[in-house]
1. LYS308 passes all but one of (1) surrounded by fewer than 24 Cβ atoms within 10 Å (Cβ to Cβ); (2) assigned to a helix (DSSP H, G or I); (3) modelled with pLDDT under 95; which number fails?
2. With respect to the numbered conditions (1) more than 26 Å from PRO194 (Cα to Cα); (2) surrounded by 15 or more Cβ atoms within 10 Å (Cβ to Cβ); (3) of a type in the set (D, E, K, R), which one is the sole condition not fulfilled by GLU146?
3. Kindly indicate whether any position in the range 226-239 is closer than 20 Å to LEU287 by Cα, crowded, with 19+ Cβ neighbours inside 10 Å and either among the basic types (Lys, Arg) or not assigned by TED's automatic domain parsing to the domain that holds ILE301 (or both).
4. Please indicate, with yes or no, whether at least one residue in the range 318-330 is loosely packed, with under 14 Cβ neighbours inside 10 Å and at positive phi.
5. Please state which of the following conditions PRO27 fails to meet, knowing it meets all the rest: (1) modelled with pLDDT under 95; (2) assigned to a strand (DSSP E or B); (3) of a type outside the set (Lys, Arg).
6. Right, MET293: within 18 Å of PHE345 (Cβ to Cβ), within 22 Å of the chain's Cα centre (by Cα) and surrounded by 14 or more Cβ atoms within 10 Å (Cβ to Cβ) or not?
7. Test of understanding: among LYS330, LYS281, LYS324, which residue is over 25 Å from SER389 (Cα atoms) and part of a loop (DSSP other than H, G, I, E, B)?
8. Quickly run through the range 107-156 and pick out the residues that are out of contact with any strand residue (DSSP E or B) (no Cβ under 8 Å at 6 or more places or on another chain), among the charged types (D, E, K, R) and not in a loop (DSSP other than H, G, I, E, B).
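The values are calculated or read from the model by the stated rules, or taken from the named source; none is laboratory data. Keep in mind that this is a model prediction, so the values were computed, not measured. Note that we place each Cβ from the backbone using ideal geometry, even for glycine, and neighbour counts take in every protein chain shown.
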Amino acid sequence: MTRFWIGLLLLAVGCSRASSLPSSDSPDSGVTDSASGTASTTTGRNAPPALTVGSPAPALKVNRFLKGEPVTAFETGKIYVVEFWATWCGPCIQAMPHVSELQSKYPQVTFIGVNVLEDDDSAAEQFLNARGQELNYRFARDDVPEGANAHDGAMAKTWLTAAEVSGIPTAMVVDAKGRIANITHPMSLEECLPQIISGKWDMAEAAKQHLLSVLPERTSREFNERMEALLKPGPTDETPKELDRIAEDFPEQAGVIGLIKFRVLSLEVDKTEQALATGRKLLKGDLGSNPEMLNAMAWEIVGPERLKPAAVELKSFALEVARKSDDLVKKKHPTAADTLARALFVNGDTKAAITTQRRAIALAKTNPRAAGLVEELQKRLGEYEADASAAKPE
């Protein structure tokens, strides 16, 4: 995988890798486990999820109750809170004392903590054996078919996945008529419970808010599906036009699409002018101040793994972009320096390439996250030094 695609992936998922450049103004971010959502199409992007606020509550299908008197069905006239959690989920554990307080404050409401997305069938039971005395509400274990993945549990599928909920903890309130009255974080339950109990809850507004909450993930999933369908067979003459069409449907992804379009055009000798126009347009946008993406763009042109030689104009553009990336990280990141050295080399400035590559190696040696790059960087330095030696007159 080239640096271009690595950088593009990093931009899409918002997390950092060991060899990536730091953002100019933001820290590294991590990833979280989540329930898998359902697919959507362009025409159905704004349709409500299969399970949403106002829907009849699905059946309460659990394997067993781990604490408290079992509940087999939702009784008309009673209100329930079904709260989804897992032992590996820190925020879930942190919310439990609050849920316990709410159970004491609203004794007419039945709170059920359902353990989901947990491959270890005994994990919840072990947790409750250690902590259950501190908690005063019911707990149950999802009904996961034998040998199946935890995401295939009955509650995970018919509640979380059907509602397109992307993570836990999540609480769903079942009203006195057996309908889903709200889908929220358990720490926010007190904002809705009094109104649901009194019958004054605005269910239409809650349904609207739930739809808004699932739209970003729907859009991201649809975007990825369309891009994969377009690019997987390989680029064609129509690919740039198709990318423009996708950009119209996903304006928030215009930068990423522009980067892909730049790559596709840059690989075609007769499309150098179009590639440069696309690249310069990107520099004027937000990505023009993103050192990671600038580094990836430059490497796409000058990297040794490039399949086709780049035009002279593109090499010059790559040098301009690499210098900007190196400046944005204040000349303190080994990958940026490595890319700049490569750009200098392919543009014929071997002496400057050697100096810059030595800087890249020195930076890598003092950066624990880049230690694995040192050998590769030294190989390139050897290439540049050999070229310089060969160019010396006898």
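1. With respect to (1) surrounded by fewer than 24 Cβ atoms within 10 Å (Cβ to Cβ); (2) assigned to a helix (DSSP H, G or I); (3) modelled with pLDDT under 95, LYS308 is out only on (2).
2. Every condition holds for GLU146 apart from (2).
3. Our first condition is that a residue be closer than 20 Å to LEU287 by Cα; within the range 226-239, this holds for 227.
From what is left, the residues that are crowded, with 19+ Cβ neighbours inside 10 Å are 227.
Filter once more, keeping what is either among the basic types (Lys, Arg) or not assigned by TED's automatic domain parsing to the domain that holds ILE301 (or both): 227.
Checking the range 226-239: at least one residue is closer than 20 Å to LEU287 by Cα, crowded, with 19+ Cβ neighbours inside 10 Å and either among the basic types (Lys, Arg) or not assigned by TED's automatic domain parsing to the domain that holds ILE301 (or both).
4. The initial filter retains those residues of the range 318-330 that are loosely packed, with under 14 Cβ neighbours inside 10 Å, namely 327, 330.
Remaining after also requiring at positive phi: 330.
Yes: the range 318-330 contains one or more residues that are loosely packed, with under 14 Cβ neighbours inside 10 Å and at positive phi.
5. Unmet condition: (2).
6. Values: within 18 Å of PHE345 (Cβ to Cβ): no; within 22 Å of the chain's Cα centre (by Cα): yes; surrounded by 14 or more Cβ atoms within 10 Å (Cβ to Cβ): yes.
No; evaluated as a whole, the condition is false for this residue.
7. Values: LYS281 fails: part of a loop (DSSP other than H, G, I, E, B); LYS324 fails: part of a loop (DSSP other than H, G, I, E, B).
Just one listed residue meets the conditions, LYS330.
8. Of everything in the range 107-156, those that are out of contact with any strand residue (DSSP E or B) (no Cβ under 8 Å at 6 or more places or on another chain), among the charged types (D, E, K, R) and not in a loop (DSSP other than H, G, I, E, B) turn out to be ARG131, GLU134, ASP152.
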